[in-house]
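Below is one structure, written out as structure tokens; the observations come after it.
The values are calculated or read from the model by the stated rules, or taken from the named source; none is laboratory data. Just so it is clear, the model here is predicted, and its values are computed rather than measured. Neighbour counts are summed over all protein chains in view; Cβ atoms, including those assigned to glycine, are modelled from backbone coordinates with ideal geometry. Ligands, DNA and RNA are excluded from the accessible area calculation, which covers all protein heavy atoms including side chains. Shrake-Rupley method; radii C 1.70, N 1.55, O 1.52, S 1.80 Å.
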Amino acid sequence: MIEINEVTKRFQDKKKYVTALKHVSFTVEEGEVVGLLGENGAGKTTLLRAIATLLHPTDGTIKVAGYDTVKQPNDIKKKIGVLFGGETGLYDRLTARENLEYFASLYNLSKHETKVRIDELTKMFGMRDYLDRKVDGFSKGMRQKLAISRTLIHEPDIILFDEPTTGLDITAANVFRQLVHQLKQQGKTIIFSSHIMEEVQMLCDSVAMIHKGELIYHGNIEKLYEEENNEDLNYIFMSKLVRGGSDYVS
Ligand SMILES: Nc1ncnc2c1ncn2[C@@H]1O[C@H](COP(=O)(O)OP(=O)(O)O)[C@@H](O)[C@H]1O
Ligand SMILES: [Mg+2]
């Protein structure tokens with residue numbers, strides 16, 4: 001479970017303050033898949049980084065599996081897998097297997113555990129053909145599979161993906177979508193940010209919509225459709241901005 005409680009984050013950019021998150025509160029239950037929706041600059045990455053213990057809220061608290069992100073980051077790091085858009089964290093000069101072995105060592109997996117886990121992930125992603133090839137020269141899709149594999153090497157219960165399909169071709173994006181299905185079936189808790197409404201519609205139990213640092217909606221997607229008497233997430237998002245008043249519309 002992830003409990004986000006009144007989180008505010010201010011950055012100091014030169015002499016100006018930027019408030020990236022304003023009193024954001026919501027809870028993610030175990031096994032829930034949540035889509036984090038918002039325009040560029042809305043605060044999605046900031047929120048995910050705060051959940052991942054990579055930055056401290058200016059105000060408010062976040063608990064992941066009962067642990068506080070500021071006070072107990074190490075307990076949290078073992079339980080989460082994180083993939084931030086663009087940063088695959090892979091080493092081009094190593095083979096896919098060597099990359100996975102390296103990340104396994106960061107989590108203190110034994111030799112045997114590492115081997116078993118690499119076998120599982122290779123099967124899951126169909127990476128057998130290129131497991132022992134150097135990453136340099138891999139296609140975007142191959143890199144994406146490997147990057148996701150390294151995110152999952154220590155079998156985290158909670159997985160955070162920041163814009164996982166941005167910049168991918170359709171095939172690679174579909175690989176990601178299929179994988180989320182699989183992980184959901186295994187009971188994983190997943191939050192991923194996206195500005196692709198169809199993707200969120202397809203994969204998520206619930207949505208969190210952020211606009212200019214404020215949470216404008218959080219809840220079950222089906223319920224949202226019922227409340228709005230509409231099943232077009234894009235339309236709902238836009239109309240929420242309009243209804244929120246002039247502050248919301250840029
Ligand atoms: N390290 C930082 N220093 C200053 N401002 C930042 C920093 N990180 C993010 N911001 C600002 O916070 C706001 C939210 O950014 P971000 O969380 O990256 O949005 P999103 O991921 O939704 O596009 C933006 O105005 C951005 O410029
Ligand atoms: Mg972002």
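The mean accessible area for residues of region 2-243, using a 1.4 Å probe and ignoring ligands and nucleic acids, is 51 Å² per residue.
Counted residue by residue at 0.36 nm each, then reduced by the alpha carbon distance between them, the extension gain from MET202 to LYS78 reaches 41.8 nm. Taking Cα atoms only, the orientation of helix 111-125 departs from the longest principal axis of the chain by about 60 degrees. When only the Cβ of Lys, Arg, Asp and Glu is charged (+1, +1, -1, -1), the dipole of region 2-243 relative to its Cα centre reaches about 1020 debye. Phi angles across region 38-46 convert, under the Karplus curve 6.51 cos²θ - 1.76 cosθ + 1.60 with θ = phi - 60°, into 3J(HN,Hα) values of x, 6, 4, x, 5, x, 4, 5, 4 Hz, Gly and Pro given as x. Considering only LYS123, LYS14, LYS78, the Gaussian network model of the chain with Cα springs below 10 Å gives its largest mean-square fluctuation to LYS14. Summary of the geometry: region 151-219 and region 15-89, compared by the centres of their Cα atoms, lie 14 Å apart.
Residues whose amide H comes within less than 5 Å of that of ILE216, counting only those at least five positions distant or on another chain, are MET209, ILE210, HIS211 (H built at 1.01 Å from N in the peptide plane).
Here the accessible area is traced with a 1.4 Å probe on the protein chains. For the chain, carbon and sulfur cover 46 percent of it. Measure nothing but the geometry: give the 0 to 90° angle between the long axis through the Cα atoms of 96-106 and the longest principal axis through the Cα atoms of the chain, rounded to 10°. Tilt of helix 96-106: around 70 degrees. Rounded to the nearest 500, what is the chain's calculated 222 nm mean residue ellipticity when only DSSP H runs of at least 4 contribute -39500 (n - 2.57) each, over all residues? Mean residue ellipticity, 222 nm, calculated: -11000 deg cm²/dmol. Partner lysines whose Cα lies under 26 Å from the Cα of LYS22, excluding those fewer than 8 positions away in the same chain, are identified as LYS9, LYS14, LYS44, LYS63, LYS71, LYS77, LYS212, LYS223, LYS240. Projected onto its three principal axes, the C-alpha set of region 180-248 covers 42, 26, 18 Å, listed from the longest axis down. As a size descriptor, the averaged projected area of the C-alpha convex hull of region 75-144 was calculated at 5.0 nm².
Considering only SER149, SER25, SER110, the mean-square fluctuation computed in a Gaussian network model of the chain, springs between alpha carbons under 10 angstrom, is largest for SER110.
3J(HN,Hα) along region 62-76: 10, 10, 10, 6, x, 9, 7, 5, 8, 8, 10, x, 5, 5, 6 Hz, from the Karplus curve 6.51 cos²θ - 1.76 cosθ + 1.60 with θ = phi - 60°, whole Hz, x for Gly and Pro. Computed on the chain, with alpha-carbon pairs under 8 angstrom and 6+ residues apart, the relative contact order is 26 percent.
Taking LEU21, LEU36, LEU179 in turn, the Gaussian network model of the chain (Cα-Cα springs below 10 Å) assigns the largest fluctuation to LEU179.
Overall shape of the chain was characterised from the C-alpha gyration tensor. The equivalent ellipsoid obtained from it has semi-axes of 32, 21, 17 Å, in decreasing order.
Site pair VAL18 and MET124 shows an inter-label distance of 3.4 nm when each label is modelled 7 Å from Cα along Cα→Cβ.
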